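> Handing you this structure, nothing more for now.
No lab work stands behind these numbers, since they all come straight from the coordinates. A quick note: this is a predicted structure, and the numbers were derived from the prediction, not measured. Neighbour counts are summed over all protein chains in view; Cβ atoms, including those assigned to glycine, are modelled from backbone coordinates with ideal geometry.
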Amino acid sequence: MLPYFLNTDTALILTTILKYKRSNEYNLRKLFGPMFPQQYATIVKRLISMGILKRQLDGWLEIEELIVNDLKEMIETYN
């Protein structure tokens, strides 16, 4: 089981990536607008360093496949 690390912003980023299966910073910037570099870019970097998100060789971000189901449950209970 994953340690509890969700807050509103983290859940929003992870829900968005779960919805699209994968994303990159460009698409996230388009979705979140001017708040992305100010607020969400650091969250993405933190999730990468935690191992929650993985950057693929083509530059796209995906959620680590070993934790996808646990993460979905965690987000559902958060909402």
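> Residue farthest toward the positive end of the dipole of the chain, with Cβ of Lys/Arg at +1 and Asp/Glu at -1: which of Leu6, Met74, Phe32?
Projecting each Cα onto the dipole axis, the largest value belongs to Phe32.
> Mind checking the angle between helix 68-78 and the chain's longest principal axis? C-alpha axes, 0 to 90 degrees, to the nearest 10.
90
> What would the Debye formula give as log10 I(q)/I(0) at q = 0.19 Å⁻¹ for the alpha-carbon point model of the chain, no solvent?
Evaluating at q = 0.19 Å⁻¹ gives log10 I(q)/I(0) of -0.77.
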